[in-house]
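Data first, discussion second: the structure below is written as structure tokens.
The values are calculated or read from the model by the stated rules, or taken from the named source; none is laboratory data. All values derive from a computational prediction rather than experimental measurement. So basically every Cβ, Gly included, is an ideal-geometry build from the backbone, and we count neighbours across all protein chains shown.
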Ligand SMILES: Nc1ncnc2c1ncn2[C@@H]1O[C@H](COP(=O)(O)OP(=O)(O)O)[C@@H](O)[C@H]1O
Ligand SMILES: [Mg+2]
């Protein structure tokens, strides 16, 4: 009887602890958001998100870095998505675990653990200098793509592994070739999972500063990047600049928190779109 | 009596170099336009045998197969055989209904599209005919664009049969097609199997002896990878020659 009571007490205590920890994480997140909203919301206005920065960035808006960040996301994904998904397909569907695969896997794992600032320096040396892309949208986007690759590959591989064997069997039994099976059955079934991986990456790509500060993001640009060889402003770097380089802190600090809010909204917005798209795809598939 | 559609000669199969053979010296005929049932205790090699007939065992990397499997006299393991074409001729329905996560129509259209069907009206016709043959047309005609997963388990299995016959196979292999179904759905599939033999040669694995007795013309009894006995179903179930067969069908083991 006493053991029973003891167990029940232990059960209750652990449940309470679980809820406590959950509440704590939620509170920390809430606190951060509330703090940022409190500091930043005053800066938000139509002008703020539709104007270019003015007067040494102590006035005006942040439409230039917003556009730059969106462009960087597009370039990085245009590179990382096809490369990542193809690599995952190779790992999961074609390779038989030989030496080449082992080496490639090791490379991917190493890439995942490279600090982002090192990746930035690699981007500078390889894309900007060696490939002569200069400090540009292209170089910065490709560097961010490298950052996104490991996550994207891992997420895609998981999604591919989760495609039930039965679907493949059915396709092969109907006379499907390996490529037809992958292209028509496996990839469509894995797509919602791959999209999820893509969304996570976009969130990271949008928020990173170190990979872009040497490779294409600039302190100030007079307007939008019109070609992939132009340099760009980007939200995270703009935040960094506002926080460190200003002499008129009274004017730049509200702008800085406003920019943070916009970046957060952008990242959350992309996640929402992705989640909705994924739910739609799931339903349709 | 019809001629043999498929023949196996001294078929040995093992899943890896060191594993004991899963099939030992299996020699038998599968007659055209008839239903051949494979019975035997779990693990005796029924599925393995079936998967040798459409080379689905090719995906087992270390598998070793010796002996011959003939389809209309052609050795299906000879190097010049196109495996995808073989699998089109020898279709398969699996133990668990495994519709693709597509619409009902797209499931049936999958095979024909692999074969190059593009014309939507041709595809529509194939879809209708296949669903009719699988006894699913009346239930599915108004919801062809619904997800296949919205069907019940029994309907899904009939959809899988429709999908298999959409590519006009000559032989249809069925591996315990009713084991995941309730009795009513099972009865419908059994009825279907009896109808299918008019146009196809059917080989069906079942762990249910009543089912074998109900649907098949010929029954083959496997035990530990060996074909113990095969012959007309009524003979196997009334006057088997081998003691082990008699023990099995009278429920003394397995
Ligand atoms: N993919 C596989 N790899 C290794 N051994 C297998 C595999 N599939 C089946 N076997 C073995 O082969 C034997 C026959 O299995 P199976 O053909 O599935 O039997 P049944 O369908 O009659 O129940 C069993 O001993 C089983 O463990
Ligand atoms: Mg089996």
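Out of all the residues in the range A:174-195, is one or more touching a helix residue (DSSP H, G or I) at 6+ places or on another chain (Cβ under 9 Å), more than 14 Å from chain B (Cβ to nearest Cβ) and not in a helix (DSSP H, G or I)?
no
Only one of these conditions is not met by residue B:56: (1) within 16 Å of ligand 2 (Cβ to nearest atom); (2) over 16 Å from residue B:226 (Cβ atoms); (3) away from chain A (no Cβ under 14 Å). Which number is it?
That leaves (3) as the condition not met.
From the list A:121, A:152, which one is assigned to a helix (DSSP H, G or I) and surrounded by fewer than 20 Cβ atoms within 10 Å (Cβ to Cβ)?
That would be A:121, the only listed residue that is assigned to a helix (DSSP H, G or I) and surrounded by fewer than 20 Cβ atoms within 10 Å (Cβ to Cβ).
In this structure, does residue B:69 turn out to be closer than 20 Å to residue B:30 by Cα, more than 9 Å from chain A (Cβ to nearest Cβ) and touching a helix residue (DSSP H, G or I) at 6+ places or on another chain (Cβ under 8 Å)? Please lay out each step first, then the result.
Working: closer than 20 Å to residue B:30 by Cα: yes; more than 9 Å from chain A (Cβ to nearest Cβ): yes; touching a helix residue (DSSP H, G or I) at 6+ places or on another chain (Cβ under 8 Å): yes.
The answer is yes for residue B:69.
Sort out which residues of the range A:36-56 are within 18 Å of residue A:249 (Cβ to Cβ) and within 24 Å of the chain's Cα centre (by Cα), and write them in order of number.
A:36, A:40
Within the range B:192-218, restricting attention to residues that are touching a residue at least 60 places away in the same chain (Cβ under 8 Å) and within 16 Å of ligand 2 (Cβ to nearest atom), which residue is surrounded by the fewest Cβ atoms within 10 Å (Cβ to Cβ)?
It comes out as B:207.
What about residue B:141, is it touching a helix residue (DSSP H, G or I) at 6+ places or on another chain (Cβ under 7 Å), more than 25 Å from residue B:31 (Cβ to Cβ) and in a helix (DSSP H, G or I)?
no
It is to be established whether one or more residues within the range B:161-180 are within 16 Å of ligand 2 (Cβ to nearest atom), modelled with pLDDT under 90 and surrounded by fewer than 20 Cβ atoms within 10 Å (Cβ to Cβ).
Yes: the range B:161-180 contains one or more residues that are within 16 Å of ligand 2 (Cβ to nearest atom), modelled with pLDDT under 90 and surrounded by fewer than 20 Cβ atoms within 10 Å (Cβ to Cβ).
Where in the range B:10-128 are the helices (runs of 4 or more DSSP H), entirely inside, with at least 2 residues that are within 16 Å of ligand 1 (Cβ to nearest atom) and under 27 Å from residue B:248 (Cβ atoms)?
Per the criteria, B:46-53.
Among the candidates A:243, A:225, single out the residue that is in the same structural domain as residue A:70 (by TED's automatic domain parsing) and assigned to a helix (DSSP H, G or I).
After ruling out the rest, the residue left standing is A:243.
With the checklist (1) at negative phi; (2) away from ligand 2 (no atom under 16 Å from the Cβ); (3) away from chain A (no Cβ under 14 Å) in hand, flag the one item residue B:33 doesn't pass.
Going through the list (1) at negative phi; (2) away from ligand 2 (no atom under 16 Å from the Cβ); (3) away from chain A (no Cβ under 14 Å), residue B:33 breaks only (1).
Does residue B:233 satisfy the criteria of being within 16 Å of ligand 2 (Cβ to nearest atom) and either surrounded by 19 or more Cβ atoms within 10 Å (Cβ to Cβ) or farther than 25 Å from residue B:137 by Cα (or both)? Don't jump to the end; show me each part of the working.
Values: within 16 Å of ligand 2 (Cβ to nearest atom): no; either surrounded by 19 or more Cβ atoms within 10 Å (Cβ to Cβ) or farther than 25 Å from residue B:137 by Cα (or both): yes.
When the stated conditions are applied, residue B:233 does not pass them.
Out of B:117, B:140, B:134, report the one residue that is away from chain A (no Cβ under 13 Å) and more than 29 Å from residue B:48 (Cβ to Cβ).
Details: B:117 fails: away from chain A (no Cβ under 13 Å); B:134 fails: more than 29 Å from residue B:48 (Cβ to Cβ).
Exactly one residue qualifies, and that residue is B:140.
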